[in-house]
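Bear in mind these aren't lab numbers, they're just calculated from the coordinates by the rules spelled out. Because the structure is predicted, anything quoted here is derived from the model rather than measured. Every residue, glycine as well, gets a Cβ built from its backbone with ideal geometry; the counts of neighbours run over all protein chains shown.
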Amino acid sequence: MGLGTWAWGNQLLWGYEEGMDGELQELFNYAISKGVNLFDTADSYGTGRLNGRSEQLLGRFIAESSARKTDDVLIATKLAAYPWRVTPGQYVSACRGSLRRLGLDQLALGQLHWSVAKYAPPLERALWDGLAAIYDEGLVKAVGVSNYGPRQLEKIHTYLTERGVPLASAQVQFSLLSKGPQQQDIRDVCQGLGIQLIAYSPLGLGMLTGKYSATGQLPKGPRGLLFRQILPGIQPLLGAMQAIAEERTKSSVSQVAINWCIAQGTIPIPGAKTLKNAKDNIGSLSWSLKQAEMDELNSLADKVPRAMIQNVFQTS
Ligand SMILES: NC(=O)c1ccc[n+]([C@@H]2O[C@H](COP(=O)([O-])OP(=O)(O)OC[C@H]3O[C@@H](n4cnc5c(N)ncnc54)[C@H](OP(=O)(O)O)[C@@H]3O)[C@@H](O)[C@H]2O)c1
């Protein structure tokens, strides 16, 4: 299955408020008008009383847009490996719940949000069977995984292949701040096995946008704490990104970060909560990085002193 050529991550976890729906809908319509054709969400996005809210909103936006008719828009969701989902049947029910919230009969991509191999290994096989079941039942066109490391990725690929289920994608944190040996290994495994790598948090949670500096105002909560640790060490990288952006008209640091991910063969899913940010990010489609620029960015990124925090569920 061909995945989208460009995508929008729809996590809606940070700073989401009910009053934002109108702008998010405008953002969705703008994105599809510009050829963005893959939208990533998850059944766990939206917390507390907003549980499932991201899928519900996307469902409403699709229903009220032209997307449904043209079939041009691919919706990818991630099904959580919650502790109460321990059988393939429960995983199938979870997928049906996502389809209901999204108002769809079939998903383009159903992804296992994380592996339980690190803390409940006996349950991992049931999740793999659940993934195969949603494919066999035609609830999804393709299946993928998220937060899988290279070795676990090879194992599930072998297992699903033996069951006649193609593994289409692997979604991991991948950016100029998350490009260590493990990411490179995952990228190589994906290339070797024909799995599409999807890059989440391609803007380093916002640190690779040029919007934040070590001495300026930082976001509230844990994101701010993380930024305080990492931003001081990435000034040379941000400076080079700014210089690359300035050589093009209407370009930006965010576009450089996104284009670096595209040049690595990934499909980046930048999160954007405002139309202004979405327009900026989509601008990256109009240009690409030169090899010398890639070399400079890679060299500076390798010198960043503090490593980016990784998902606790990320396996080896
Ligand atoms: N599979 C997983 O476990 C997993 C985990 C995390 C994320 N994801 C997926 O990846 C998507 C994106 O990741 P993410 O939101 O964590 O990180 P990200 O894309 O690296 O950063 C997004 C943040 O950067 C800021 N931003 C975006 N565009 C900007 C622009 N043009 N100029 C200035 N600031 C801009 C916004 O934050 P502010 O406006 O607040 O600064 C936005 O919330 C999510 O929506 C989700 O679909 C998946």
Express as a percent, rounded to the nearest 5, the fraction of DSSP beta bridges in the chain (both residues included) that run antiparallel. 5 percent
Read phi for every residue in the stretch 157-173 and hand back ³J(HN,Hα) as whole Hz from Karplus 6.51 cos²θ - 1.76 cosθ + 1.60, θ = phi - 60°, with x for Gly and Pro. 4, 4, 4, 5, 4, 5, 8, x, 10, x, 8, 8, 8, 9, 10, 9, 5
Enumerate the whole-percent occupancy of each 10 Å bin, from 0 to the last occupied one, for all C-alpha pair distances of the stretch 28-115. 17, 50, 26, 6, 0
The answer for Ala142, listing residues at least 5 apart or on another chain whose modeled amide H is closer than 5 Å to its amide H, is Leu109, Gly110
Ranked on Cβ counts within 10 Å of their own Cβ, fewest leading, Lys303, Lys118 go Lys303, Lys118
Pull out the extension gain between Gln106 and Arg248, defined as 0.36 nm times the separation in residues minus the alpha carbon to alpha carbon distance; nm, one decimal. 47.1 nm
Separation of the Ala63 and Asn311 label points, Cα + 7 Å toward Cβ, nm: 2.9 nm
How high is the relative contact order of the chain, in percent, counting Cα pairs under 8 Å that sit 6 or more residues apart? 18 percent
What is the calculated FRET efficiency for Leu225 to Met20, with r their C-beta to C-beta distance and R₀ = 25 Å, to the nearest 0.05? 0.55
Can you compute the modelled spin-label distance between Lys118 and Asp295, with each label point 7 Å from Cα toward Cβ, in nm? 3.6 nm
Per the 1/(1 + (r/R0)^6) rule, R0 = 51 Å and r from the Cβ atoms of Asn29 and Glu162, FRET efficiency to 0.05 is 0.75
So who's got an amide H within less than 5 Å of the one on Gly149, skipping anything under 5 residues away but keeping other chains? H placed 1.01 Å off N, in plane. Thr315, Ser316
Measure of compaction for the stretch 103-196 (Cα Rg per 2.2 N^0.38 Å): 1.08
Please give the charge dipole size of the chain, origin at the Cα centre, charges +1 on K and R Cβ atoms and -1 on D and E Cβ atoms. Round to the nearest 20 debye. 560 debye
In what order do Lys290, Lys78, Lys211 fall by count of nearby beta-carbon atoms within 10 Å, going from fewest to most? Lys290, Lys211, Lys78
Most exposed to least, judged by fewest other Cβ atoms within 10 Å, Ser54, Ser98 sort to Ser98, Ser54
Descending semi-axes in whole angstrom, ellipsoid equivalent of the stretch 68-140, from the Cα gyration tensor: 24, 11, 10
Considering every pair of different Cα atoms, what Kirkwood radius, in Å, is found for the chain? 19.9 Å
Just to be sure I understand: of the beta bridges DSSP finds with both ends in the stretch 104-241, what percent are antiparallel, rounded to 5? 5 percent
